[in-house]
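Report on the following structure.
The values are calculated or read from the model by the stated rules, or taken from the named source; none is laboratory data. As the structure is a computational prediction, the values presented were derived from the model and not from experiment. Counting neighbours? That spans all protein chains shown, and the Cβs are built from the backbone with ideal geometry, glycine included.
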Amino acid sequence: MADARAAIPGAATRCGIDTVEIARIERLLSETAPEDLHRFFTTQELDESGEGAGRAASLAARFAAKEACVKLFPREAALGEIEPGDFSVARDAYGAPRVALSPRATAVLAKNRIRDIALSLTHDRVSASSVALALADATEAPLSGRLIFRLLPFRRRVVLDNLRRVFGVGVADAEIERLAQAHYAHLWRLFIEFVRFRSMSERQKAARVKVDNVAVFTRALERGKGILVLTGHFGNWEVATVAGLSTFPQMRGRIHFVRRPIKPRWLDRFVNWRFQRAGFGVLPKRGSLDAILDRLAAGDAIVFPFDQHAGPPDGIEV
């Protein structure tokens, strides 16, 4: 279970400690060609360590910091998703050490909801040590999301379970709950945009959506064999699809969406009505194979959002 302190924004949730013998780094410096040192240290780290008697101690402290940072993420380290080279030590404007992250390290911190890593480095004549503290991130949940989460908990358990499945036990329950509240706030914004969309002019609607690679769709359409479009629910799906249709006026009535029913039923009927009114066809997820083949044979386009859950008997676990 995640540490309860992770519920406090900016609190230290994990601690990594490492110690390196300075003699080990002295051997590394004497036995390694200068150009090969970049396998262990960045150019900035090598420059800031200087060339004097304290060079080995300075680099030893930096190497200990890299190892301490890796120890914050034992699972990712074991899976080879992260290594000491993904962290480096830089200095802020006041000379205090700070962590510089590789793209891989940035992704690992985001996955674990870590905002930053605080470092402390020290050394004596024999060894250098470093302590790394992982500082928790905290999602800002708007008021609308907090209210919906508490008062209208539509599929709340599903949302929480899915978030826990994504982030695992390394993220505190309080942060998982804040992420869920932010999700509901996002849905509320989509709903408001969906309602306002009705009062927009065609020009305003077209201005809100950009369709890339139009030529690809047009060339496929010219072949007359039908088009199968695989996509996901990106952005405000109900708004983007209607606005995007204006790019292909010749396809009005010839683009069909495969949809699964949504709850409640009145909302499902309303969304279907909006799609059909905009010029789209709607095909049910189940029992529509013949209709899909007929539409493809007629040269129409079938849009299948592949991020929909497909359990047995429709889906096959792999």
Item to complete: Could you list, in sequence order, all residues of the stretch 72-127 that are surrounded by 15 or more Cβ atoms within 10 Å (Cβ to Cβ), of a type outside the set (Lys, Arg) and assigned to a helix (DSSP H, G or I)?
Response: GLU76, ALA77, PRO84, GLY85, ASP86, ALA105, ALA107, VAL108, LEU109
Worksheet entry | helices (runs of 4 or more DSSP H) contained entirely in the stretch 202-318, each with at least 3 residues that are touching a helix residue (DSSP H, G or I) at 6+ places or on another chain (Cβ under 7 Å) and surrounded by 14 or more Cβ atoms within 10 Å (Cβ to Cβ) | 237-244, 265-278
Worksheet item: Looking at ARG62, is it in the same structural domain as SER88 (by TED's automatic domain parsing), among the basic types (Lys, Arg), touching a residue at least 40 places away in the same chain (Cβ under 8 Å) and not in a helix (DSSP H, G or I)?
Response: no
Worksheet entry | ALA23 assigned to a helix (DSSP H, G or I) and either within 29 Å of the chain's Cα centre (by Cα) or outside the structural domain of ALA172 (by TED's automatic domain parsing) (or both) | yes
Worksheet item: Which condition number in (1) under 26 Å from ALA174 (Cα atoms); (2) touching a residue at least 60 places away in the same chain (Cβ under 8 Å); (3) charged (D, E, K, R) is the one that GLU67 fails?
Response: (1)
Worksheet item: Among the residues of the stretch 172-194, is any β-branched (Val, Ile, Thr) and within 28 Å of VAL239 (Cβ to Cβ)?
Response: yes
Worksheet item: Within the stretch 74-97, which residues are without any contact (Cβ under 8 Å) to a residue 40 or more places away in the chain and either polar (S, T, N, Q) or in contact with a strand residue (DSSP E or B) (Cβ under 8 Å, 6 or more places away or on another chain) (or both)?
Response: ASP86, PHE87, ASP92, PRO97
Worksheet entry | Yes/no for ARG178 being surrounded by fewer than 17 Cβ atoms within 10 Å (Cβ to Cβ), of a type in the set (D, E, K, R) and out of contact with any Pro (no Cβ under 7 Å at 6 or more places or on another chain) | no
Worksheet item: Which condition does ALA182 not pass, out of (1) touching a strand residue (DSSP E or B) at 6+ places or on another chain (Cβ under 9 Å); (2) outside any loop (DSSP other than H, G, I, E, B), if it passes all the others?
Response: (1)
Fill in: Near pairs, Cβ below 8 angstrom, 6+ apart or cross-chain, from the stretch 219-232 (in the same structural domain as ASP294 (by TED's automatic domain parsing)) to any residue that is of a type in the set (Gly, Ala, Ser) and part of a strand (DSSP E or B)
LEU221/ALA301; GLY226/ALA301; ILE227/ALA301; LEU228/ALA301; VAL229/ALA301
Discussion item. Being over 19 Å from PRO74 (Cβ atoms) and in contact with a helix residue (DSSP H, G or I) (Cβ under 9 Å, 6 or more places away or on another chain) is the requirement here; does LEU121 meet it?
Written reply: yes
Worksheet item: For the stretch 37-57, which residues satisfy the criterion of being surrounded by 13 or more Cβ atoms within 10 Å (Cβ to Cβ), assigned to a helix (DSSP H, G or I) and touching a residue at least 12 places away in the same chain (Cβ under 8 Å)?
Response: GLN44, GLU45, LEU46, GLU48, ARG55, ALA56, ALA57
